[in-house]
Amino acid sequence: MNASDVMTRKIVMIDGGASLREAIRLMLDNNISGLPVVDAAGKVEGILTEGDLLRRAEIATERKHWPWLDFLLGPGRMASDYVKTHGRVCHELMSRDVVSVEPEAPLADIVDLMERRRIKRVPVIENGALVGMVSRVDLLAALARTLDAPQPVAGGDDAIREQVLAELDKVEWAPRSGLTITVNAGIVELDGVVLDEHEREALRVAAENVPGVKGVADRLVWVEPVSGTVIEGANENAAKPPVR
């Protein structure tokens with residue numbers, strides 16, 4: 001999926017000359033945590049988010065600096081902080097380093113961008129115009145739609161086993177030896193050795209995600225790879241049906 005598949009097209013935005021009071025009211029009334037700040041031509045100048053408003057003189061949350069740190073930072077930095085804590089106009093308070101994407105941007109790239117820049121929303125811009133916003137909520141809604149979509153038709157035991165094996169072939173963490181997978185009446189049976197407890201859980205998840213699986217019987221043995229010590233013997237718990 002791309003940005004255009006999940007983005008919010010009805011955008012709540014604000015003019016750079018608008019007041020802080022107007023911006024806060026827009027956020028509260030629309031239940032959003034950030035606003036694109038635009039100029040008269042509709043071009044994005046910045047983003048004003050709740051994070052930009054955490055440090056405010058009105059509620060006594062402005063950052064307190066040690067005198068020696070003020071000396072190192074210099075008057076310019078202190079003056080900039082003062083604007084952030086006392087300013088009353090959007091263009092004084094907004095974050096100017098705007099990160100945007102195009103409508104064709106893959107969701108994987110957008111998530112990478114959000115994590116790397118520690119941001120919660122990304123403007124979508126096409127031919128210089130703001131056409132949408134992708135936020136974490138939009139990604140969550142896309143995930144929900146995917147989970148609610150009709151599931152593939154389940155196959156028999158042989159087909160289930162082949163799908164489990166195919167999924168394990170895609171990943172690097174799966175054991176390449178010492179693992180036996182069988183399927184009996186929809187129950188995936190895991191036998192063999194794992195060298196890390198996390199492998200056990202991941203194997204179970206891989207099996208549960210295959211359509212038609214009615215449960216996973218875990219009989220894996222966890223062995224410490226250096227000494228060969230058996231840390232945990234086979235798990236004889238009854239197979240539980242997977243959550244769909």
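Within region 105-119, which residues are assigned to a loop (DSSP other than H, G, I, E, B) and surrounded by fewer than 16 Cβ atoms within 10 Å (Cβ to Cβ)? Answer for region 105-119, where residues must be assigned to a loop (DSSP other than H, G, I, E, B) and surrounded by fewer than 16 Cβ atoms within 10 Å (Cβ to Cβ): just R118. For D109, indicate whether it is at pLDDT 95 or above, closer than 20 Å to V131 by Cα and touching a helix residue (DSSP H, G or I) at 6+ places or on another chain (Cβ under 8 Å). No. Filtered by the rule that a residue be assigned to a strand (DSSP E or B) and either of a type in the set (K, R) or in contact with a Lys or Arg (Cβ under 6 Å, 6 or more places away or on another chain) (or both), region 129-148 gives G132, M133, S135. Against the conditions (1) more than 18 Å from A166 (Cα to Cα); (2) hydrophobic (A, V, I, L, M, F, W, C); (3) in contact with a Lys or Arg (Cβ under 6 Å, 6 or more places away or on another chain), V216 satisfies every one except (1). Residues in region 200-222 that are crowded, with 17+ Cβ neighbours inside 10 Å, hydrophobic (A, V, I, L, M, F, W, C) and not in a helix (DSSP H, G or I): V210, V213, V216, A217, L220, W222.
A residue that is of a type outside the set (F, W, Y), modelled with pLDDT of 90 or more and either under 19 Å from E232 (Cα atoms) or touching a Cys at 6+ places or on another chain (Cβ under 6 Å) (or both) can be found somewhere in region 157-174.
Within region 146-157, can one find any residue that is in contact with a strand residue (DSSP E or B) (Cβ under 8 Å, 6 or more places away or on another chain) and not polar (S, T, N, Q)? Within region 146-157, one or more residues are in contact with a strand residue (DSSP E or B) (Cβ under 8 Å, 6 or more places away or on another chain) and not polar (S, T, N, Q).
Each residue in region 181-199 was checked for being surrounded by fewer than 17 Cβ atoms within 10 Å (Cβ to Cβ) and in a helix (DSSP H, G or I), and 2 of them qualify.
Yes/no matrix, rows are residues, columns are (1) at pLDDT 90 or above; (2) in a helix (DSSP H, G or I); (3) open to solvent by 60 Å² or more (accessible area, probe 1.4 Å):
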site	(1), (2), (3)
V37	yes, no, no
I47	yes, no, no
R55	yes, no, yes
T61	yes, no, no
A79	no, yes, no
Y82	no, yes, yes
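Based on this model, can you work out whether E172 counts as more than 12 Å from D218 (Cβ to Cβ), open to solvent by 40 Å² or more (accessible area, probe 1.4 Å), in a helix (DSSP H, G or I) and of a type outside the set (G, A, S)? In short, no.
The values are calculated or read from the model by the stated rules, or taken from the named source; none is laboratory data. Everything numeric here is computed off the predicted structure, so don't read it as measured data. FYI the Cβ positions are ideal-geometry reconstructions off the backbone, even for glycines, and counts take in every protein chain you see. Note: areas computed on protein heavy atoms with side chains; ligands, DNA, RNA excluded. Shrake-Rupley method; radii C 1.70, N 1.55, O 1.52, S 1.80 Å.
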